[in-house]
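Engineer: Please see the structure below; I have some questions.
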Amino acid sequence: MKIAAIVTDIEGTTSGIGFVHDVLFPYALKHVAGFVREHQEERDVMRVLLRISEKTGIPLHDIEGMIRQLQQWIRDDEKITELKTLQGMIWEKGYKQGLFQAHIYDDVPEQLQRWQQEERNLYVFSSGSVKAQQLFFRYSIFGDMRLLFSGYYDTTIGPKREANSYRKIAEAIALKPQSILFLSDSREELDAAAEAGLRTTWVIRPQDTSLDPERVRLKSPHPVVTSFEQIHPD
């Protein structure tokens, strides 16, 4: 069956892990306290704080307790939807001020454009919020790449290591799972996507991991590549 859509992860797949861990996370950790104190009464922020209160038991009025919890989640790189939502809000200011640009591997833009020209719809599925994903590709080192993508998905659709999340994405884009190709640097995510019926490719970036692509290729149930240029849908 022809690949009609390609869904890609971001961190470690289209982009270096270092940018997220060395730039975005420290920026969020530095600014989360001031952001929450300043914007706590705004509707979107209040909505997130309410969900954090329900999740953790921290009283809604205990803003300092909320801040400490958020800071700990950032340090621990927790994949928590409420944290990711707030991080997207915080990063927006940094992007707009030109403090940083999102890293993209050199082989990615041309291949995305080629797949789009082949009439394959492109989507993103990342643990970062949809807002954070859109900011990432808007303020990339290659300029605004948002128009390459037909849609974005985050953990509000489900955890990235659960097959049902990928079934929901297939339903959302109205395609059979076997006509969708999922790209990721995570074996667990690829296993979940394959369980849901998607086709998969394991993107191993030597710059980001100690994994040996040749050794992985011998044992992996997923095709293994080190560059988007090596991916040939169909």
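Engineer: Output the number of the condition that Gly57 fails; it satisfies all remaining conditions of (1) modelled with pLDDT under 95; (2) loosely packed, with under 13 Cβ neighbours inside 10 Å; (3) out of contact with any helix residue (DSSP H, G or I) (no Cβ under 9 Å at 6 or more places or on another chain).
Structural biologist: Single failed check for Gly57: (1).
Engineer: Just the residues that are closer than 20 Å to Ile80 by Cβ, surrounded by 16 or more Cβ atoms within 10 Å (Cβ to Cβ) and touching a helix residue (DSSP H, G or I) at 6+ places or on another chain (Cβ under 8 Å), please, taken from the stretch 134-156.
Structural biologist: Within the stretch 134-156, Gln134, Leu135, Tyr152, Tyr153, Asp154, Thr155 qualify.
Engineer: Collect the residues in the stretch 39-98 that are part of a loop (DSSP other than H, G, I, E, B) and either within 24 Å of the chain's Cα centre (by Cα) or under 21 Å from Tyr153 (Cβ atoms) (or both), keeping them in residue-number order.
Structural biologist: Listed by number, the residues that qualify are Asp76, Asp77, Glu78, Lys79, Ile80, Gln97, Gly98.
Engineer: If you take the residues in the stretch 109-133 that are more than 17 Å from the chain's Cα centre (by Cα), buried (at least 16 other Cβ atoms within 10 Å of the Cβ) and not polar (S, T, N, Q), which one is farthest from Tyr95 (Cα to Cα)?
Structural biologist: Arg120
Engineer: If you don't mind, another one. I'm checking my understanding of the structure. Among residues of the stretch 173-208 that are touching a Gly at 6+ places or on another chain (Cβ under 7 Å) and more than 25 Å from Glu119 (Cβ to Cβ), which one is surrounded by the fewest Cβ atoms within 10 Å (Cβ to Cβ)?
Structural biologist: Top of the filtered list is Gln207.
Engineer: Between residues in the stretch 171-182 that are closer than 14 Å to Tyr153 by Cβ and residues that are outside any helix (DSSP H, G or I) and of a type in the set (Gly, Ala, Ser), which pairs lie under 8 Å by C-beta distance while being six or more apart or on different chains?
Structural biologist: Matching pairs, first to second residue: Ala172/Gly151; Ile173/Ala5; Ile173/Ser150; Ile173/Gly151; Leu175/Ala4; Leu175/Ala5; Ile180/Ala4; Ile180/Ala5.
Engineer: Could I ask something else about it? Quick one: would you say Val216 is free of Cβ contacts under 8 Å to residues at least 40 places away in the same chain, among the hydrophobic types (A, V, I, L, M, F, W, C), assigned by TED's automatic domain parsing to the domain that holds Tyr153 and touching a strand residue (DSSP E or B) at 6+ places or on another chain (Cβ under 8 Å)?
Structural biologist: When the stated conditions are applied, Val216 passes them.
Engineer: Restricting to the stretch 138-151, what's the tally of residues that are assigned to a strand (DSSP E or B) and closer than 18 Å to Val20 by Cα?
Structural biologist: Residues flagged as assigned to a strand (DSSP E or B) and closer than 18 Å to Val20 by Cα within the stretch 138-151 amount to 2.
Engineer: Also, quick follow-up: From (1) crowded, with 18+ Cβ neighbours inside 10 Å; (2) in a loop (DSSP other than H, G, I, E, B); (3) at pLDDT below 95, pick out the condition that doesn't hold for Lys160.
Structural biologist: (3)
The values are calculated or read from the model by the stated rules, or taken from the named source; none is laboratory data. Quick caveat: nothing in here was measured; it's all calculated off a predicted structure. Cβ atoms come from the backbone with ideal geometry, glycine included; neighbour counts cover every protein chain shown.
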